[in-house]
Amino acid sequence: MQGNHEQQAYDRGITIFSPDGRLYQVEYAREAVKRGSASVGVRTPEGVVLAADRRARSPLIEQESIEKIHGVDDHIALASAGHVADARKLIDFARRRAQIDNLRYDESIGVETLTKAVTDHIQEYTQTGGARPFGVALLIGGVEDGEPRLFETDPSGTPYEWQATAVGGGREDSQSHLEDNYEDDLTLEEGIGLALEALAEASEDGLTASGVEMTTVPVESAQVEAVDEATLAEHIDDRDLGGDDDE
């Protein structure tokens, strides 16, 4: 009986390690990420691509109200998977941090610096009593000193830099496709295609242009640029990734 009570304490307490060194609440937060719709990031020499599944749960939902990709600064965007409310809090934090650097140093924040600031904030919630971890993973992409950068944040507060990666539901299938098809010399257009293919791997019903949100950050402009629906539809048709449009 006592052992059962101890197990419940490890299970409920964010500040308590289990005997095998695990923080169960952080692992539960990772499970929340897996239940979210998929997001994919691809880094190419010409820039970064972020793509996200934003299919509506109901035809009555306004499609534009579903936001999975957000601009943080002129040269940085992020995509999320997991609890949307948790993502919004981290997005607000990232935007504030970017503006602080702009005002304090009169220069744009670096992608890596921003990512580590966000993950430091996330990590605080893995060791604070009365709090819980953020149940969301972010893909942070942008251009820093003329170089494209792509990072992932984990609910534990750990940052990872990637050439290409996926988060959210169906990650294993998407990641496997990226690992099999990624090449170092992809163009930005090819990166868009690869991101859509990886996103399709996580979808049982195929993709629709209205159900995908995509942003690029080209090296040439170093500006966040949304990919319009017509361009998405063309890429989806060219690669035969389409499904029935239920919107």
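Would you point out the residue of the stretch 43-68, among those that are at pLDDT below 90 and not hydrophobic (A, V, I, L, M, F, W, C), that is nearest to residue 220 (Cα to Cα)? Among those residues, the one meeting the criterion is 64.
Restricting 210, 203 to those that are under 21 Å from residue 169 (Cα atoms) and either touching a strand residue (DSSP E or B) at 6+ places or on another chain (Cβ under 7 Å) or of a type in the set (A, V, I, L, M, F, W, C) (or both) reduces the list to 203.
Considering only residues in the stretch 189-247 that are farther than 25 Å from residue 148 by Cα and touching a Pro at 6+ places or on another chain (Cβ under 8 Å), the one that is most open to solvent (accessible area, probe 1.4 Å) turns out to be 246. Just checking, does the stretch 96-111 include any residue being within 23 Å of residue 38 (Cα to Cα) and either in contact with an Asp or Glu (Cβ under 6 Å, 6 or more places away or on another chain) or not basic (Lys, Arg) (or both)? Yes, the stretch 96-111 contains at least one residue that is within 23 Å of residue 38 (Cα to Cα) and either in contact with an Asp or Glu (Cβ under 6 Å, 6 or more places away or on another chain) or not basic (Lys, Arg) (or both).
One residue stands out in the stretch 144-157 among those that are out of contact with any Asp or Glu (no Cβ under 9 Å at 6 or more places or on another chain) and assigned to a strand (DSSP E or B): the one that is nearest to residue 29 (Cα to Cα), namely 153.
Among the residues of the stretch 91-117 satisfying the criterion of being touching a Ser or Thr at 6+ places or on another chain (Cβ under 8 Å) and polar (S, T, N, Q), which is modelled with the highest pLDDT? If you could, list the steps in order and put the result at the bottom.
Here is the first cut: in the stretch 91-117, the ones touching a Ser or Thr at 6+ places or on another chain (Cβ under 8 Å) are 91, 98, 101-102, 115.
Checking which are polar (S, T, N, Q) leaves us with 102, 115.
Numbers: 102: 94, 115: 98.
In this case the residue turns out to be 115.
Condition (residue is assigned to a loop (DSSP other than H, G, I, E, B), surrounded by 14 or more Cβ atoms within 10 Å (Cβ to Cβ) and among the aliphatic types (A, V, I, L, M)) applied to the stretch 81-100: is it met by at least one residue? No, every residue in the stretch 81-100 fails to be assigned to a loop (DSSP other than H, G, I, E, B), surrounded by 14 or more Cβ atoms within 10 Å (Cβ to Cβ) and among the aliphatic types (A, V, I, L, M).
The set of residues from the stretch 133-146 being out of contact with any His (no Cβ under 8 Å at 6 or more places or on another chain) and open to solvent by 10 Å² or more (accessible area, probe 1.4 Å) comprises 145, 146. Within the stretch 101-112, if we keep just the residues that are of a type in the set (A, V, I, L, M) and touching a residue at least 12 places away in the same chain (Cβ under 8 Å), the residue that is surrounded by the most Cβ atoms within 10 Å (Cβ to Cβ) turns out to be 111. Scanning the stretch 67-80 for residues that are open to solvent by 40 Å² or more (accessible area, probe 1.4 Å) and under 14 Å from residue 214 (Cα atoms) yields a total of 1.
For the stretch 158-177, the criterion of a residue being in a helix (DSSP H, G or I) and in contact with a Ser or Thr (Cβ under 8 Å, 6 or more places away or on another chain) is satisfied by at least one position.
Return the residue satisfying two criteria in turn: it lies in the stretch 147-169 and is over 13 Å from the mean Cα position of the chain (by Cα) and crowded, with 21+ Cβ neighbours inside 10 Å, and of such residues it is farthest from residue 217 (Cα to Cα). In this case the residue turns out to be 149. Taken over the stretch 31-66, the criterion of being without any contact (Cβ under 8 Å) to a residue 12 or more places away in the chain and either open to solvent by 50 Å² or more (accessible area, probe 1.4 Å) or aliphatic (A, V, I, L, M) (or both) is satisfied by 31, 57, 60, 61, 62, 64, 65. Here residue 71 clears all of (1) touching a helix residue (DSSP H, G or I) at 6+ places or on another chain (Cβ under 6 Å); (2) on the phi < 0 side of the Ramachandran plot; (3) at pLDDT 95 or above except the condition numbered (1).
The values are calculated or read from the model by the stated rules, or taken from the named source; none is laboratory data. Please read these numbers as outputs of a predicted model, since none were measured by experiment. When we count neighbours, we look across all protein chains shown, and the Cβ atoms used for this are built from the backbone with ideal geometry, even at glycine. In case anyone asks, the SASA skips ligands and DNA or RNA and just uses the protein heavy atoms, side chains included. Shrake-Rupley method; radii C 1.70, N 1.55, O 1.52, S 1.80 Å.
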